[in-house]
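J.: Following this message is one structure expressed as structure tokens.
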Amino acid sequence: MLMAHPVVLRNLIEQYDALRVLSAEDGSPQARQRMDDLVYTLCVSTGTGDIDTALVAARNRLPGARTEDDSVLSA
């Protein structure tokens, strides 16, 4: 499986986090569509099926991540 570059993943995570904060204040159709697009892209980029798993997988691919600790994934 192809994996997204860590720089791309970091950018997607940052966009998702920022939009999540903005969406809490502004539930505009454009914000919701962008959030849906980011969720889809993160899931496809990490080979996962939901946003929580996608975020964990993406963060584990970032430089400095403790990839040997997969306790979050094995709960």
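The rows are residues; the columns are (1) of a type in the set (Asp, Glu); (2) part of a helix (DSSP H, G or I).
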residue: Val8; (1), (2): no, yes
residue: Asn11; (1), (2): no, yes
residue: Glu14; (1), (2): yes, yes
residue: Val21; (1), (2): no, yes
residue: Ala31; (1), (2): no, yes
residue: Met35; (1), (2): no, yes
residue: Thr41; (1), (2): no, yes
residue: Thr48; (1), (2): no, no
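J.: Against the definition (under 15 Å from the mean Cα position of the chain (by Cα) and modelled with pLDDT under 90), how does Met35 come out, yes or no?
T.: It is false that Met35 is under 15 Å from the mean Cα position of the chain (by Cα) and modelled with pLDDT under 90.
J.: Which residues, taken from region 7-50, are hydroxyl-bearing (Ser, Thr, Tyr), open to solvent by less than 90 Å² (accessible area, probe 1.4 Å) and closer than 22 Å to Leu62 by Cβ?
T.: Tyr16, Thr41, Ser45, Thr46, Thr48
The values are calculated or read from the model by the stated rules, or taken from the named source; none is laboratory data. Small disclaimer: the values here were computed from a predicted structure and weren't measured. With ideal geometry, Cβ positions are generated from the backbone for all residues, glycine too; neighbour counts draw on all protein chains shown. For accessibility, only protein heavy atoms count, side chains too; no ligands or nucleic acids. Shrake-Rupley method; radii C 1.70, N 1.55, O 1.52, S 1.80 Å.
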